1. Restricting to the stretch 246-284, name every residue that is more than 16 Å from the ligand (Cβ to nearest atom) and in contact with a Leu (Cβ under 9 Å, 6 or more places away or on another chain).
2. Got a sec? Which strands (runs of 3 or more DSSP E) wholly within the stretch 1-110 have at least 1 residues that are of a type outside the set (Ser, Thr, Tyr), closer than 27 Å to Val265 by Cβ and in contact (Cβ under 8 Å) with a residue 60 or more places away in the chain?
3. Determine which single condition Lys5 fails, assuming it passes every other condition in (1) assigned by TED's automatic domain parsing to the domain that holds Ala118; (2) farther than 30 Å from Ala292 by Cβ.
4. On the given criteria, is Asp157 more than 16 Å from the ligand (Cβ to nearest atom), over 29 Å from Glu89 (Cα atoms) and outside any helix (DSSP H, G or I)?
5. Looking at Thr281, Thr186, Thr244, Thr263, can you tell me which residue is surrounded by fewer than 23 Cβ atoms within 10 Å (Cβ to Cβ) and either touching a residue at least 24 places away in the same chain (Cβ under 8 Å) or closer than 14 Å to Leu150 by Cβ (or both)?
6. When you scan the stretch 169-230 for strands (runs of 3 or more DSSP E) that lie fully inside it, which ones turn up with 3 or more residues that are β-branched (Val, Ile, Thr) and within 22 Å of Lys5 (Cα to Cα)?
7. Would the stretch 212-235 turn up any residue that is touching a helix residue (DSSP H, G or I) at 6+ places or on another chain (Cβ under 9 Å), within 8 Å of the ligand (Cβ to nearest atom) and polar (S, T, N, Q)?
8. Just the residues that are basic (Lys, Arg) and in a loop (DSSP other than H, G, I, E, B), please, taken from the stretch 233-255.
Amino acid sequence: MTIGKIIDGKLFAAGLRAQVAEGVAAFADAAGRKPGLAVVLVGEDPASAVYVRSKGKMTVEAGMESFEFKRPDSIGQEDLLDLIEELNEDDRVDGILVQLPLPAHINEAAVIAAIDPAKDVDGFHIANAGKLAVGEKALVPCTPLGCLMLLKDELGDLSGLEAVVIGRSNIVGKPMAQLLLQESCTVTVAHSRTKDLASVVHRADIVVAAVGRPEMVKGEWIKPGATVIDVGINRVPALEEGKTRLVGDVATAEAISHVRAITPVPGGVGPMTIAVLLRNTLVAACARRGIAAPD
Ligand code: NDP
């Protein structure tokens, strides 16, 4: 039995952050200021607070300016839109990220639409989604772009490969499919209505699972030699009572003997997301100043 490779997303992300830090230093020399990332956190969700803290820390470590705006759950939509408008106008801010999900009384789509597309480092604004769809230069959502970087690092040229993306969300599945299409893969997008998912997945040279269902993709579904990117982050009970652990959407222990390579959870796609966010902030800063951005 051959055992596939575990892709070290943590290591790759550290390399990307180091590259970004070099680009940040060059930007600061040319522009006379650091690139700035503003993160808006509404409410007290502990998981979101952890993400925001770690984003802030890594932003500063990359040599950028980090601006954090915490607002209570009770904030009204107009006040939140006013804050976004202020950040749009603030020249020190190159990237704006609104931590999702937002409280139910706030219209998430309206908030995303209010962000200046040139500062939309999450790549969720419809202008950036549209540019990605027609193959124009865009700010691309961080998680799928991170997945693509890992795939290209592992496989090189992706042209002609069969790719199956499981999940069709606007933040992962759809942009992932667009990116793979741009790489000339033959792309299938599967979702909750897909019939016989096992045989759809079995066609794929590349599987990207972005579902949110613990270990749903079974080892025997995977074509021998396929490369698997597991985006899912699911908390499940651990063996030790009262404890929990994280698992992905793929049953890794089964899949490992089928794959060429697979990302682990944790330590695969997760670390890439923040590294790409920093990269997107640098790209946005360079574009706003008319400075050539690093690749
Ligand atoms: P969504 O809930 O928005 O989308 C899930 C998708 O999975 C939907 O398109 C849904 O189909 C599909 N789906 C649900 N059940 C099935 C099924 N039984 N068979 C096939 N498809 C199914 O999730 P996200 O895209 O936001 O996130 C997906 C996962 O990735 C989550 O675990 C999330 O935590 C993780 N994630 C990880 C990130 C990271 O940094 N590593 C970043 C972002 C997300 P339908 O459209 O038909 O309902």
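The values are calculated or read from the model by the stated rules, or taken from the named source; none is laboratory data. None of the values given here were measured: they were computed from a predicted structure. Neighbour counts run over all protein chains shown; Cβ positions are idealised from the backbone, glycine included.
1. Arg260, Ala261, Thr281, Val283, Ala284
2. Correct list: 36-42, 95-98.
3. So Lys5 meets the others, but not (1).
4. Yes: the conditions hold for Asp157.
5. Thr186
6. Output list reads 206-209, 227-230.
7. Looking through the stretch 212-235, none of the residues is touching a helix residue (DSSP H, G or I) at 6+ places or on another chain (Cβ under 9 Å), within 8 Å of the ligand (Cβ to nearest atom) and polar (S, T, N, Q).
8. Lys243
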